1. Return the distance in nm (one decimal) between the two label points of a simple spin-label model at LEU166 and VAL89, each offset 7 Å from Cα along Cα→Cβ.
2. In µm²/s, what is D for the range 9-60 at 25 °C and 0.890 mPa s, where D = kT/(6 pi eta Rh) by Stokes-Einstein and Rh is the Kirkwood radius from Cα pairs?
3. Given a 1.4 angstrom probe, I'd like the percentage of the accessible area of the range 9-60 that is carbon and sulfur, rounded to a whole number.
4. Could you do me a favour and compute the accessible area per residue for the range 9-60, 1.4 Å probe, result in Å²?
5. With r as the distance between the Cβ atoms of ARG55 and LEU245 and R0 = 45 Å, compute the FRET efficiency 1/(1 + (r/R0)^6) and round to 0.05.
Amino acid sequence: MTTTQRIPRAWRDELVLALRERDVSGADIGDALAHVESYCADAGQGPHEAFGPARDYAATLRLPSGSPTATPGPLLRRATLLRYAVGMVAVAAVGTSAASWARAEPVRLGAAHLAVTVVALACLGLLVRHLTTFVRWCTTRRWVAWIMLQAGAWAAIGLGLLAAHLLPGVGVTVPAAPLTAVAAAVLVVPALVAQLRGTLDDADVLAGPLEDPATVGRRSRRANTLLTWALPLCGAVSVGVTLGLNRLIPA
């Protein structure tokens with residue numbers, strides 16, 4: 001957004017979110033924003049004064065659904081839950097198994113690992129179930145989303161330490177090298193396939209008034225690339241952290 005625009009960011013974000021929830025395309029949302037900007041410039045009014053609350057105004061717009069990158073719906077939510085659940089398990093597995101591999105030991109899994117996995121997946125399920133609310137917080141209340149993510153991360157760390165203390169037993173041992181390879185493949189292969197197929201360039205670009213569509217498109221492609229490779233990057237960080245701790249605190 002440029003400094004010459006009359007649409008406040010909060011009002012704009014609320015309108016965009018309301019229309020995205022209805023699966024309206026980026027082009028149609030851009031046209032709606034351009035109309036609001038043009039009207040406010042001619043009338044000398046702000047969007048809230050001219051059109052009322054953004055969500056109420058969005059409800060009056062009869063725009064077709066059918067964005068090429070649809071977001072609502074239970075099917076997508078189940079798919080999102082499954083993809084990130086597998087990714088979270090792979091991130092934890094690749095770090096743990098890499099550390100065991102470095103010590104030339106098998107991976108020892110017990111009740112503590114199972115407890116942490118179940119709680120983490122339950123939290124992920126809640127997040128996906130309330131994905132729309134969380135996205136709105138990330139857009140309009142970034143500090144709330146940041147606090148929630150930080151609280152979740154530290155709670156997971158604390159739960160892992162508590163579970164390891166209360167449930168120290170080993171239930172099964174797994175060879176470290178094959179587990180590392182499988183977990184790494186689970187993280188890297190989907191991202192690599194998306195990169196090679198060019199699906200990272202399929203973003204539904206939303207360019208507001210006074211924004212260059214080409215510039216917005218480049219930002220969208222960079223964001224898609226970052227999101228696609230987020231889990232492999234988390235896996236790499238997990239390996240680095242566990243190997244570092246392994247050197248500092250030998251088993």
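The values are calculated or read from the model by the stated rules, or taken from the named source; none is laboratory data. Computed from a predicted structure; not experimentally measured. Here Cβ is always computed from backbone atoms with ideal geometry, including for glycine, and neighbour counts include all displayed protein chains. Note: accessible area is taken over every heavy atom of the protein model, side chains too, but ligands, DNA and RNA are not part of it. Shrake-Rupley method; radii C 1.70, N 1.55, O 1.52, S 1.80 Å.
1. Result for the modelled spin labels: 2.3 nm.
2. For the chosen part, D equals 223 µm²/s.
3. 52
4. 44
5. The value I calculate is 0.45.
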